[in-house]
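Have a look at the structure below, then the notes.
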Protein chains: 2
Amino acid sequence: MNKKYTIKDIAQLAGVSKGTVDRVLHKRGKVSQKALDSINAVLSEIDYEPNLIARNLKNNKIYTICVVLPDPAYDSYWLPCIKGIEEAIKEFKAFNLTIETHYFDPESSKTFLDVNEIVVDRAPDAVLLAPLFYKEALGIVEKYIKKEILVNTFNNQVESNEIRNFVGQDLHRSGRVAAKLMASISQKGQIAIIHIAEKFKNAIHMQEKEKGFRSYFVEKEDSIYEIISLKLKRTNYEAKLTDFLTENPKLSGVFITTSKAYQIVEIINEAVNDKISIIGYDLLEKNITLLNNGKIDFLINQNPKQQIYLGISFLVDHFIFGKELRNTTFLPIDIVNSENASYYME
Amino acid sequence: MNKKYTIKDIAQLAGVSKGTVDRVLHKRGKVSQKALDSINAVLSEIDYEPNLIARNLKNNKIYTICVVLPDPAYDSYWLPCIKGIEEAIKEFKAFNLTIETHYFDPESSKTFLDVNEIVVDRAPDAVLLAPLFYKEALGIVEKYIKKEILVNTFNNQVESNEIRNFVGQDLHRSGRVAAKLMASISQKGQIAIIHIAEKFKNAIHMQEKEKGFRSYFVEKEDSIYEIISLKLKRTNYEAKLTDFLTENPKLSGVFITTSKAYQIVEIINEAVNDKISIIGYDLLEKNITLLNNGKIDFLINQNPKQQIYLGISFLVDHFIFGKELRNTTFLPIDIVNSENASYYME
DNA sequence: GAACAAAATGTGCTCGAACACATAATTAAA
DNA sequence: TTTAATTATGTGTTCGAGCACATTTTGTTC
């Protein structure tokens, strides 16, 4: 990969002008067989790679990317995304690029639709979307596509051929990771899967995690574990949880499928005397505190910051450097304990 | 960050020519106070960011980067590095860049010196070095600096003001992560730290890991653990290990500070009847097999591939886009079990 | 105020790809 | 063979930063 050839070099070697080489490279036709042959002969011998820097200099279009995600004020799971966006802006500010952030309320599908309506009207070149509401997302993707706006997603997977790119985690696998961890630290007994959500049916991600978690133990064919699940809503979850704990006094482990572990860990600790293993999700400040004082054993990092940063950089690579968009990028399922947490928080 | 201003724009706004703006931006002097003021006034109002693409078009120098690392044929820990280099070459092939790989024998400081001598003579723009031999590395760094060759390191940290950049892991912290894991899965008893190396005194990285591991238990002030360490050499390590195991029959956990866990796990399993917790390093094929069939509990990923890839991309960002080199980049200390391993192996 | 030096400022070219447009070569029709 | 139509090929300009060089302005001295 030593000498870098230019179009001019190829033209010279093939004995034609750079215009003709350009037509061959871009298959614009209007080239004689003779010229085509001699240029192809040169191309097959050298390793021509167009200079991306020169190619993009000419392209003085300013690309606009809109990022649509839940307002971190409602759910601090999304807080790291702000940093991710800021980093991306800083990293790419020297290119012709505008990045806009648009928030919606994660518990209101109406605000989701509204904000996307606004973004459609802004007519950006691409949207990076956290499609929390499955059905609504499908509809809104249609609208984007009709206006020829590129749609990529992160965090939540939505099955659609129109979506070019997804960055997130394999949730089924993520449940399996939790299960394996649980088996490592809790030798036997009852294990509870606890979901905390308003509408469980809409929360496909929790269902996937539960399936993954259970699949691990099914494959293990180990009768020393008994898996039970519990769904909690925001209203009156304390009472329901306390009841559950008195009904199941032999609990040895709890797997919480959302980032809300901090809401219930203290309640569990007060109600149960024995050591109980707790595995949750995400490095929220409150979870980290519980991790550090030993009340949570492991957290699984879904890495929202990296998700959004990568989502943006794929778009930049696509627009600025003409790179292809790969279809799905599954981020690693990071296992976090008190000692390595800092590296995933920055 | 909407409109992108160019030098021409600034010149127009300040009522001067682009040459004068250029002189101000680069502090080349020869500018009147009046012109300076008006240009500064414009600069303070707008957010000028030079177009990196245009800046680098002119710079038609071909940068050469030499990567110096142990030959993976001797130690397959380094195998992923090949992939990392290949990915970097692919990613950056459109820029004016040549990446050369040079191997040495990880057990021979002579080959280390020899290959670096060759690289010095090749006079690249930068070297990315795995400085396995501390003392020798310091000497060779001097030589590079004298020839104005930029030196960055990865994997092993060497204290030197001449080294601009290091990518690797905080080994002390990495030992602590292992300790915390050990405490999670092994409730009590004797725990062994096992080093496998020819020259322990030279192997600072193992010492750091041991210190970190012990520091965790010291802070915990938990008398239910007893930590003992053992050094093994390649010759006759089986006998020495077997002796050690008979002398310490109550062993409940083993922490292996190198990627060589696969060499001793089977021996341990044959000699010990009780469940013994094993934590090792790095995703070598043989380690992964043992992880998958439950004979290793956790592996800590040092991510050599990512280390080398990042090391190269920092250099590219520096040369091609004029980015500053940050001093030290500590990669996350990834905890790996059978369920999430695939994400760290690609 | 002329003559000259020094400082300040402006102009024009380069990098490589892309594409519009001008010109040359070839073929078809008269 | 001439003319027009078609096809093939070459030329020139653009993008933004950077820098060499030309030109203008200012300052100094006799």
Among the residues of segment A:167-209, write down those that are within 14 Å of another protein chain (Cβ to nearest Cβ), open to solvent by less than 20 Å² (accessible area, probe 1.4 Å) and under 18 Å from the mean Cα position of the chain (by Cα).
-> A:V167, A:G168, A:Q169, A:S174, A:G175, A:V177, A:K209
Search result, residues across segment A:141-161 that are crowded, with 23+ Cβ neighbours inside 10 Å and among the acidic types (D, E) | none
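Could you say which residue among B:S313, B:S342 is hydroxyl-bearing (S, T, Y), open to solvent by 10 Å² or more (accessible area, probe 1.4 Å), part of a helix (DSSP H, G or I) and not assigned by TED's automatic domain parsing to the domain that holds B:P106?
Details: B:S313 fails: not assigned by TED's automatic domain parsing to the domain that holds B:P106.
Matching residue, one of B:S313, B:S342: B:S342.
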Note: among A:A123, A:A94, just one is assigned by TED's automatic domain parsing to the domain that holds A:I308, modelled with pLDDT under 95 and loosely packed, with under 15 Cβ neighbours inside 10 Å, namely A:A123
In the set A:G322, A:G311, which member is within 13 Å of another protein chain (Cβ to nearest Cβ) and in contact (Cβ under 8 Å) with a residue 40 or more places away in the chain?
-> A:G322
A:C66 being of a type outside the set (S, T, N, Q), away from every other protein chain (no Cβ under 14 Å), away from DNA strand C (no atom under 12 Å from the Cβ) and open to solvent by less than 60 Å² (accessible area, probe 1.4 Å) | no
Looking at this structure, is B:L138 surrounded by fewer than 19 Cβ atoms within 10 Å (Cβ to Cβ) and without any contact (Cβ under 8 Å) to a residue 24 or more places away in the chain?
-> yes
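Within segment B:75-91, is even one residue of a type outside the set (F, W, Y), within 12 Å of DNA strand D (Cβ to nearest atom) and open to solvent by 70 Å² or more (accessible area, probe 1.4 Å)? Before you say what the answer is, go through the steps one by one.
First, pick out the residues of segment B:75-91 that are of a type outside the set (F, W, Y): B:75-76, B:79-91.
Next, from what is left, pick out any that are within 12 Å of DNA strand D (Cβ to nearest atom): none.
There is no residue in segment B:75-91 that is of a type outside the set (F, W, Y), within 12 Å of DNA strand D (Cβ to nearest atom) and open to solvent by 70 Å² or more (accessible area, probe 1.4 Å).
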Any residue in segment A:12-25 that's within 19 Å of A:E49 (Cβ to Cβ): show its pairings with residues that are of a type in the set (V, I, T) and near DNA strand C (Cβ under 9 Å from one of its atoms) at Cβ separation under 6 Å, as long as the two are six or more apart or on different chains.
-> A:K18/A:I7; A:V21/A:I7; A:V21/A:I10
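Based on this model, can you work out whether A:L232 counts as over 27 Å from B:Q187 (Cα atoms) and surrounded by 20 or more Cβ atoms within 10 Å (Cβ to Cβ)?
Numbers: over 27 Å from B:Q187 (Cα atoms): yes; surrounded by 20 or more Cβ atoms within 10 Å (Cβ to Cβ): yes.
Yes.
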Of all residues in segment B:46-74, which are more than 16 Å from DNA strand D (Cβ to nearest atom) and among the hydrophobic types (A, V, I, L, M, F, W, C)?
-> B:I62, B:I65, B:C66, B:V67, B:V68, B:L69, B:A73
Exactly one of (1) in a loop (DSSP other than H, G, I, E, B); (2) more than 30 Å from B:E339 (Cα to Cα); (3) away from every other protein chain (no Cβ under 14 Å) is unmet by A:V158. Its number?
-> (2)
Going through segment B:30-58 one residue at a time, which ones are within 14 Å of another protein chain (Cβ to nearest Cβ), more than 29 Å from the chain's Cα centre (by Cα), more than 11 Å from DNA strand C (Cβ to nearest atom) and open to solvent by less than 80 Å² (accessible area, probe 1.4 Å)?
-> B:I46, B:Y48, B:E49, B:P50, B:N51
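Residues to consider are B:K27, B:K61, B:K8; find the one that is among the charged types (D, E, K, R), more than 8 Å from DNA strand C (Cβ to nearest atom) and within 11 Å of chain A (Cβ to nearest Cβ). Working first, answer last.
On the way: B:K27 fails: within 11 Å of chain A (Cβ to nearest Cβ); B:K8 fails: within 11 Å of chain A (Cβ to nearest Cβ).
Residue meeting the stated conditions: B:K61.
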Quick one: which residue in A:R164, A:R214 is open to solvent by 10 Å² or more (accessible area, probe 1.4 Å), without any contact (Cβ under 8 Å) to a residue 60 or more places away in the chain and among the charged types (D, E, K, R)?
-> A:R214
Could you run through segment B:1-45 and say how many residues are within 25 Å of A:K61 (Cα to Cα), charged (D, E, K, R) and either touching a Ser or Thr at 6+ places or on another chain (Cβ under 8 Å) or more than 11 Å from DNA strand D (Cβ to nearest atom) (or both)?
-> 1
Pairs with Cβ under 8 Å, 6+ apart, first in segment A:263-285 and open to solvent by 10 Å² or more (accessible area, probe 1.4 Å), second at pLDDT below 90 and among the aromatic types (F, W, Y) | A:Q263/A:Y237
Based on what the data block shows, is B:D297 in contact with a helix residue (DSSP H, G or I) (Cβ under 9 Å, 6 or more places away or on another chain), of a type in the set (D, E) and assigned by TED's automatic domain parsing to the domain that holds B:S259?
-> yes
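The values are calculated or read from the model by the stated rules, or taken from the named source; none is laboratory data. Everything numeric in this text was worked out from a predicted model, so none of it was measured. Here the Cβ is made from the backbone with ideal geometry for all residues, glycine too, and neighbour counts use every protein chain on show. Remember, those area values only see protein heavy atoms, side chains included, never the ligands or the DNA or RNA. Shrake-Rupley method; radii C 1.70, N 1.55, O 1.52, S 1.80 Å.
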